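I'd like to ask you about the structure that follows.
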Amino acid sequence: MRKFLLIIFMLLIGFVAHAAESLLISDIKIKGLQRIEPGLVFSNIPFEINDSIDEVNVSETIKLLYRTGQFRDIAIEQEGSKIIIVVSEKPVISELNFFGVKAFQDDKLKIGLGQMNFAAGLVFDKADLKKVEQEIARQYLSLGKYTASVSAEAIPLERNRMQVNIIVEEGSISRIKEINVVGNRIYTAESLLDSFKLKVTNILSWYNKDDRYSRQVLNGDLEGLRSFYMNKGYLDFKINSSIIRISESKKHVYIDISVDEGNKYTFAESKLSGKYENIPELLLQAQIGTYPGNVFSRSEVTATTARLNQILGDYGYAFSNANAIPDVNKKERTVAFNYFIDPGKKIYVRRINFFGNEKTKDSVMRRHLRQFESSWYSKSRVDRSKVRLAQTQYFDNVDLQTSNVPGATDQIDVNFHVKERNTGKVMVGAGVSSSEGLVGTFTLSQSNFLGTGNTVSTSISTGEVNKTYALSYQDPYWTDDGVSRTFGAYRRDVNTTDLSTAAYNTFSYGTNLDFTIPLTEHNSISAGINLDLTKIELGTFATKEYLDYCRSLSGSTSTKNCNSDSVSVSVGYGRDTRNNAQFPTSGQVFRIGANIGLPVFDMNYYQLTAKAEKYWPLQDGMSFKVKGTVGLADAYGDKKFPFFKNFFIGGSTTIRGYDQASVGQKTLNATTGDQETTGGKSSLLGSAEFFFPPPGLKNVESFRFSTFIDGGGVYKNGISGDVSRFSAGIGAMWLSPFGPLTISYAKPLNQDAKDKVTELQFGMGGAF
């Protein structure tokens with residue numbers, strides 16, 4: 001600064017001495033530029049050629065050039081009528097390099113330093129190097145790397161440029177040796193720390209890496225601790241301090257948390273206020289979950305306001321606000337809430353727009369919507385529309401945005417931005433099953449054929465028991481109101497030789513036409529018709545039931561082969577509210593159906609089935625499922641019931657621990673001496689299963705363990721305890737990159753000497 005003032009002073013003296021001569025500028029030259037364009041200088045001087053110059057011009061010029069931040073020194077000289085501006089540039093950062101950095105991505109570090117005005121292309125200031133070192137060291141401290149060292153060096157390059165190298169020795173992350181909680185009276189430290197993501201070094205730390213100190217993770221744990229107490233009624237809970245102590249070697253971290261639990265509060269009477277004259281008050285009151293006498297819970301207050309805003313949004317108030325205003329009575333240790341309703345203006349949707357769908361037709365997307373144009377905005381309908389678009393599987397991503405309509409305060413546009421995915425699939429697969437042995441599959445499908453939303457597919461599945469070849473075409477919106485129509489054709493071969501059933505072979509050809517009619521969002525009914533042509537081949541030592549059936553069709557007492565054709569109709573009702581098709585944790589499934597062989601060909605029969613599943617979510621990624629199925633079948637008229645339509649139970653999908661299709665009444669094979677099942681016309685199956693994530697992997701959604709109890713049977717003449725079977729065991733399922741892998745170990749609880757048992761059962765397969 002002193003040098004700057006001296007230059008100005010000397011220049012002013014010189015120009016004052018020549019002031020009387022009224023100098024006119026004949027030329028302007030610039031010296032000292034290396035990388036900066038002359039235009040930057042000329043744009044910051046307040047005079048031109050043929051202008052007169054005085055001390056005011058000189059002072060202003062120097063100020064303007066310094067203000068650019070590009071120069072260290074500036075001098076203005078005079079040679080006769082020429083003005084020479086002499087500058088010394090500040091260096092600029094041309095390269096920013098990182099060495100030894102593994103914990104962070106270079107690009108992210110550069111973004112962070114750029115926010116400090118330290119980046120390639122900016123002016124270099126040596127004083128900034130220390131700030132850079134401190135900032136990067138601070139980032140490593142947040143990861144618990146207290147031994148990390150950071151140094152920055154600047155290397156001059158040609159044309160007044162600088163190469164900045166940042167060298168890091170990361171060291172190791174400090175491990176958590178102790179986590180102490182003091183001040184707690186109600187809950188033990190062990191129970192409080194159980195929900196912490198940070199853990200003291202344990203046997204799984206090498207995998208979970210949960211003993212590595214991180215300030216960010218600790219802040220999240222502290223907020224979780226605060227939420228825990230606030231949801232247990234402790235309104236006054238506070239964290240007094242969280243102190244981090246580092247061992248002398250900097251390898252170990254000690255965390256001390258001091259808390260003040262305060263007193264426990266209950267809810268007092270809550271009320272509504274504000275403007276809600278267009279919404280039934282009883283409907284709003286029903287959303288309030290903060291009941292008098294219940295223990296205070298912050299999460300319930302939050303849930304109540306969310307439900308109120310949801311209702312307001314469903315009545316068209318897109319920008320509503322329901323605020324919970326507390327009234328705390330410290331003496332009585334109660335807290336009452338006034339839920340103040342501010343609905344804002346009622347909004348309706350002008351247009352619904354789609355962006356990013358180059359292949360999928362707008363009409364195909366529009367039919368999945370639950371919100372309509374020119375109707376009142378409904379948050380539930382808009383959100384449901386987004387979910388339904390995502391469920392089509394046509395898109396990798398579906399984003400929802402709303403935009404105001406210019407000049408209108410009561411209208412919005414709803415905009416869906418999608419990223420289309422490839423919906424054509426070619427899948428070749430192989431797998432191993434404990435019941436079917438080696439299984440091969442081939443599938444060729446297009447689920448959004450020509451952008452219409454229709455599905456065309458062909459598939460082949462080959463196993464030791466079942467071989468299936470199928471073609472199908474589905475139009476999910478055969479009608480505008482969502483009636484689905486499916487055509488199909490198939491060939492199916494069944495060879496039961498390797499099962500525990502009495503052996504037979506069937507060779508079937510068929511075609512089907514099915515319709516599904518939606519009733520509500522989660523409910524539907526179905527109807528279909530099926531033509532099936534089946535050839536039956538019986539083994540050398542076929543059971544009497546099998547022989548009687550074929551002989552009744554052929555009219556011969558010596559035949560072991562026959563043809564059994566049918567035209568059948570099916571009807572059904574279904575309800576599905578599961579939150580996930582693969583690993584559901586909540587919701588339920590209920591299906592009931594009937595399949596009836598019409599008196600047109602050989603098979604006059606009926607099959608009635610009912611299935612129910614219910615899932616309950618539990619804490620920490622756990623869930624519980626109860627499942628039950630019932631089946632009833634028989635012939636009508638003077639026809640015999642087709643034995644291959646019998647129900648069969650046993651195996652990995654029914655009662656685990658028993659061989660596939662092995663449960664039920666048995667028939668002695670006189671040749672082999674084996675006890676073979678023949679199935680039954682009625683079946684009953686139930687199971688209860690508890691799912692939980694692998695220890696230390698609660699956030700892994702592709703893997704889970706379970707414990708279960710299975711039970712049930714197939715029956716000839718009513719339910720009998722003699723043929724009912726039960727098992728208990730453990731299981732695991734992994735959605736691997738190669739397809740689903742399931743494995744179970746089950747112990748039969750009441751097996752008979754005739755039963756065939758397979759305690760360890762598994763299946764694996766998928767695409768490659």
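Just so it is clear, none of the values below were taken in a lab; they were calculated from the coordinates. Keep in mind that what you see is a predicted model, and the values were worked out from it rather than measured. As a convention, Cβ positions derive from the backbone with ideal geometry for all residues, glycine included, and neighbour counts pool all protein chains shown.
Per residue of segment 621-637, what does 6.51 cos²θ - 1.76 cosθ + 1.60 with θ = phi - 60° give for ³J(HN,Hα)? Whole Hz please, x for Gly and Pro, Karplus curve as stated.
x, 8, 8, 9, 10, 10, 9, x, 9, 9, x, 9, 8, 5, 8, 9, x
Mind scanning 611/640; 544/681; 29/82; 209/251; 102/209 and naming the pairs with a C-alpha gap bigger than 18 Å?
The answer is 611/640.
Among the DSSP beta bridges whose two residues both lie in segment 348-420, what percent are antiparallel, rounded to the nearest 5?
Beta bridges within segment 348-420, antiparallel portion: roughly 60 percent.
Also, I was wondering about something else. Give me log10 I(q)/I(0) at q = 0.22, 0.23 Å⁻¹ for segment 92-169, Debye formula, one equal scatterer per alpha-carbon, no solvent.
For segment 92-169 at q = 0.22, 0.23 Å⁻¹, log10 I(q)/I(0) is -1.00, -1.08.
Tell me, what is a quarter of the convex hull surface for the C-alpha atoms of segment 270-324, in nm² with one decimal?
3.7
Under unit Cβ charges (Lys, Arg +1; Asp, Glu -1), what dipole magnitude, rounded to 20 debye, does the chain have relative to its Cα centre?
Rounded to the nearest 20 debye, it is 1140 debye.
Given segment 348-420, report the % of alpha carbon pairs whose separation exceeds 14 Å.
Cα-Cα pairs of segment 348-420 separated by over 14 Å account for 56 percent.
OK, next. Amide H to amide H, which residues 5 or more places from residue 723 or on other chains are under 5 Å from it, using H placed in the peptide plane?
none
Also, I was wondering about something else. Residue by residue through segment 31-47, which ³J(HN,Hα) values in whole Hz follow from phi under the Karplus form 6.51 cos²θ - 1.76 cosθ + 1.60 (θ = phi - 60°), with glycine and proline marked x?
10, x, 6, 10, 10, 7, 6, x, x, 4, 5, 4, 6, 10, 10, x, 8
Given just the C-alpha atoms of segment 313-376, how large is their convex hull per residue in cubic angstrom?
127
Rounded to the nearest 500, what is the 222 nm mean residue ellipticity of the chain from helices alone, with -39500 (n - 2.57) per DSSP H run of 4+ residues and division by all residues?
Counting only the DSSP helices, I get -5000 deg cm²/dmol.
Please compute the contact order of the chain in relative form: average sequence separation of alpha-carbon pairs under 8 Å and at least six residues apart, divided by the residue count, as a percent.
With pairs under 8 Å counted, the relative contact order is 5 percent.
Let me ask another. Stick to Cα atoms and the Kirkwood definition of Rh, then tell me Rg/Rh for segment 175-260.
Result: Rg/Rh = 0.97.
What's log10 of I(q)/I(0) for the chain at q = 0.06 Å⁻¹, Debye sum over Cα points only, no solvent?
-0.67
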